[in-house]
Amino acid sequence: MSDVKVISTNGAPAAIGPYVQGKVINGFLFASGQIPLVPETGAMVEGGIEEQARQALKNVKALVEAAGSDLSKVVKTTCFLKDIADFAAFNAVYSEFFTQTPPARSCVGGIDLPKGALCEIEVIAAV
(Lines give C-alpha, C1' and ligand atoms only; values in the text may rest on other atoms or scores of the structure.)
Protein backbone atom coordinates (compact mmCIF):
# COMPACT_ATOMS: atom_id res chain seq x y z
CA MET A 1 0.00 0.00 0.00
CA SER A 2 1.21 3.54 -0.73
CA ASP A 3 2.09 5.99 1.96
CA VAL A 4 -0.69 8.19 3.26
CA LYS A 5 -0.06 11.93 3.12
CA VAL A 6 -2.09 14.23 5.38
CA ILE A 7 -3.21 17.44 3.66
CA SER A 8 -3.50 20.64 5.66
CA THR A 9 -3.94 24.21 4.42
CA ASN A 10 -4.73 27.60 5.93
CA GLY A 11 -6.85 28.22 2.81
CA ALA A 12 -9.62 26.05 4.26
CA PRO A 13 -11.02 25.96 7.79
CA ALA A 14 -9.07 23.96 10.33
CA ALA A 15 -10.61 20.69 11.46
CA ILE A 16 -13.08 21.27 14.32
CA GLY A 17 -13.00 17.69 15.55
CA PRO A 18 -10.93 14.52 15.57
CA TYR A 19 -10.19 14.46 11.82
CA VAL A 20 -7.86 15.96 9.22
CA GLN A 21 -8.72 18.16 6.24
CA GLY A 22 -7.77 15.43 3.81
CA LYS A 23 -5.56 12.47 3.00
CA VAL A 24 -3.88 11.43 -0.23
CA ILE A 25 -3.34 7.75 -0.94
CA ASN A 26 -2.72 5.92 -4.20
CA GLY A 27 -3.05 9.14 -6.22
CA PHE A 28 -6.39 10.26 -4.78
CA LEU A 29 -7.35 12.95 -2.31
CA PHE A 30 -10.10 12.02 0.10
CA ALA A 31 -11.23 15.36 1.53
CA SER A 32 -13.23 15.98 4.65
CA GLY A 33 -16.51 17.82 4.14
CA GLN A 34 -16.22 21.58 3.87
CA ILE A 35 -18.81 23.87 5.38
CA PRO A 36 -18.99 27.61 4.67
CA LEU A 37 -16.59 28.79 7.36
CA VAL A 38 -14.26 31.66 6.50
CA PRO A 39 -10.76 30.23 7.05
CA GLU A 40 -9.29 33.46 8.41
CA THR A 41 -11.94 33.91 11.11
CA GLY A 42 -13.50 30.50 11.63
CA ALA A 43 -16.92 32.20 11.41
CA MET A 44 -19.78 31.18 9.15
CA VAL A 45 -19.97 33.33 6.03
CA GLU A 46 -22.92 35.71 6.11
CA GLY A 47 -25.79 35.20 3.70
CA GLY A 48 -28.02 32.50 2.32
CA ILE A 49 -27.43 29.35 0.33
CA GLU A 50 -25.63 31.09 -2.56
CA GLU A 51 -23.07 32.74 -0.28
CA GLN A 52 -22.66 29.61 1.80
CA ALA A 53 -22.26 27.34 -1.23
CA ARG A 54 -19.69 29.70 -2.72
CA GLN A 55 -17.63 29.75 0.50
CA ALA A 56 -17.82 25.97 0.94
CA LEU A 57 -16.64 25.53 -2.66
CA LYS A 58 -13.80 28.03 -2.15
CA ASN A 59 -12.74 25.90 0.81
CA VAL A 60 -12.94 22.75 -1.32
CA LYS A 61 -10.86 24.42 -4.04
CA ALA A 62 -8.17 25.46 -1.54
CA LEU A 63 -7.98 21.95 -0.13
CA VAL A 64 -7.78 20.31 -3.56
CA GLU A 65 -5.05 22.74 -4.61
CA ALA A 66 -3.12 22.11 -1.37
CA ALA A 67 -3.03 18.44 -2.39
CA GLY A 68 -1.47 19.43 -5.72
CA SER A 69 -4.58 19.00 -7.83
CA ASP A 70 -7.36 21.20 -9.22
CA LEU A 71 -11.14 21.15 -9.54
CA SER A 72 -10.99 19.60 -13.02
CA LYS A 73 -9.61 16.44 -11.38
CA VAL A 74 -12.41 16.07 -8.84
CA VAL A 75 -14.01 12.73 -9.67
CA LYS A 76 -16.77 12.58 -7.02
CA THR A 77 -18.57 15.01 -4.76
CA THR A 78 -21.06 14.41 -2.02
CA CYS A 79 -23.20 17.44 -1.22
CA PHE A 80 -25.37 17.88 1.83
CA LEU A 81 -28.13 20.50 1.99
CA LYS A 82 -30.02 21.51 5.09
CA ASP A 83 -33.05 22.21 2.88
CA ILE A 84 -33.48 20.33 -0.40
CA ALA A 85 -35.53 23.31 -1.63
CA ASP A 86 -32.11 25.04 -2.02
CA PHE A 87 -31.12 22.47 -4.67
CA ALA A 88 -31.49 24.78 -7.72
CA ALA A 89 -29.74 27.73 -6.08
CA PHE A 90 -26.95 25.44 -4.86
CA ASN A 91 -26.54 23.99 -8.37
CA ALA A 92 -26.20 27.46 -9.88
CA VAL A 93 -23.21 28.22 -7.65
CA TYR A 94 -21.79 24.69 -7.95
CA SER A 95 -21.72 25.02 -11.75
CA GLU A 96 -19.52 28.14 -11.43
CA PHE A 97 -16.77 25.98 -9.92
CA PHE A 98 -17.11 22.84 -12.03
CA THR A 99 -17.06 24.41 -15.50
CA GLN A 100 -15.47 21.51 -17.37
CA THR A 101 -16.87 17.99 -17.22
CA PRO A 102 -18.56 17.93 -13.82
CA PRO A 103 -17.72 15.15 -11.36
CA ALA A 104 -20.02 12.33 -10.36
CA ARG A 105 -22.18 13.54 -7.47
CA SER A 106 -24.57 12.58 -4.74
CA CYS A 107 -26.75 15.15 -2.98
CA VAL A 108 -28.65 14.65 0.25
CA GLY A 109 -31.11 17.16 1.70
CA GLY A 110 -33.12 17.70 4.82
CA ILE A 111 -30.37 17.18 7.39
CA ASP A 112 -28.77 19.19 10.16
CA LEU A 113 -25.18 20.19 9.49
CA PRO A 114 -22.35 21.32 11.78
CA LYS A 115 -22.58 24.88 13.13
CA GLY A 116 -25.98 25.38 11.45
CA ALA A 117 -24.49 25.41 7.94
CA LEU A 118 -26.86 25.31 4.98
CA CYS A 119 -24.51 23.08 2.97
CA GLU A 120 -21.47 20.84 3.20
CA ILE A 121 -19.37 19.45 0.35
CA GLU A 122 -16.86 16.62 0.33
CA VAL A 123 -14.76 15.52 -2.63
CA ILE A 124 -12.51 12.81 -3.98
CA ALA A 125 -9.95 14.07 -6.49
CA ALA A 126 -7.16 12.60 -8.57
CA VAL A 127 -3.79 14.04 -7.57
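Against the compact-protein benchmark of 2.2 N^0.38 Å, the Cα-based radius of gyration of the chain scales to 0.99. For the peptides 105-112, 72-79, residues were scored by their other Cβ atoms within 10 Å and the scores averaged per peptide; the highest-first order is 72-79, 105-112.
Quick one: if the Förster radius is 25 Å, what FRET efficiency do GLU51 and LYS5 give, using the C-beta to C-beta distance and rounding to 0.05? Computed FRET efficiency for GLU51 and LYS5: 0.20. Structural descriptor for region 1-53: relative contact order 29 percent, calculated from alpha carbon pairs under 8 angstrom and at least 6 residues apart. Computed packing ranks the peptides 38-45, 55-62, 17-24 as 55-62, 17-24, 38-45, most packed first, by mean other Cβ atoms within 10 Å. Seen from all directions on average, region 1-65 presents a Cα convex hull projection of 4.6 nm². Set the bar at 26 Å for Cα to Cα. Now go through LYS23/LYS73; LYS5/LYS82; LYS5/LYS115 and name every pair that lies beyond it. Pairs exceeding 26 Å: LYS5/LYS82; LYS5/LYS115.
For the pair ASN26 and GLU65, the difference between a 0.36 nm per residue extended length and the Cα-Cα distance amounts to 12.3 nm. Looking at the chain, the accessible area is 51 square angstrom per residue; that uses a 1.4 Å probe and ignores ligands, DNA and RNA.
Note on region 51-124: Kirkwood hydrodynamic radius from all Cα pairs is 12.4 Å, rounded to one decimal.
Normalising the average separation of contacting C-alpha pairs (under 8 angstrom, six or more residues apart) by the number of residues puts the relative contact order of region 49-103 at 52 percent. Using a probe radius of 1.4 angstrom, the carbon and sulfur fraction of the accessible surface of region 62-127 is 54%.
The values are calculated or read from the model by the stated rules, or taken from the named source; none is laboratory data. For clarity, every value in this text was computed on a predicted model and none was experimentally measured. Because the Cβ atoms are built from the backbone with ideal geometry, glycine has one as well, and the counts that use them run over all protein chains shown. For the accessible areas, the whole protein counts, side chains as well, though only heavy atoms, and no ligand, DNA or RNA atoms are used. Shrake-Rupley method; radii C 1.70, N 1.55, O 1.52, S 1.80 Å.
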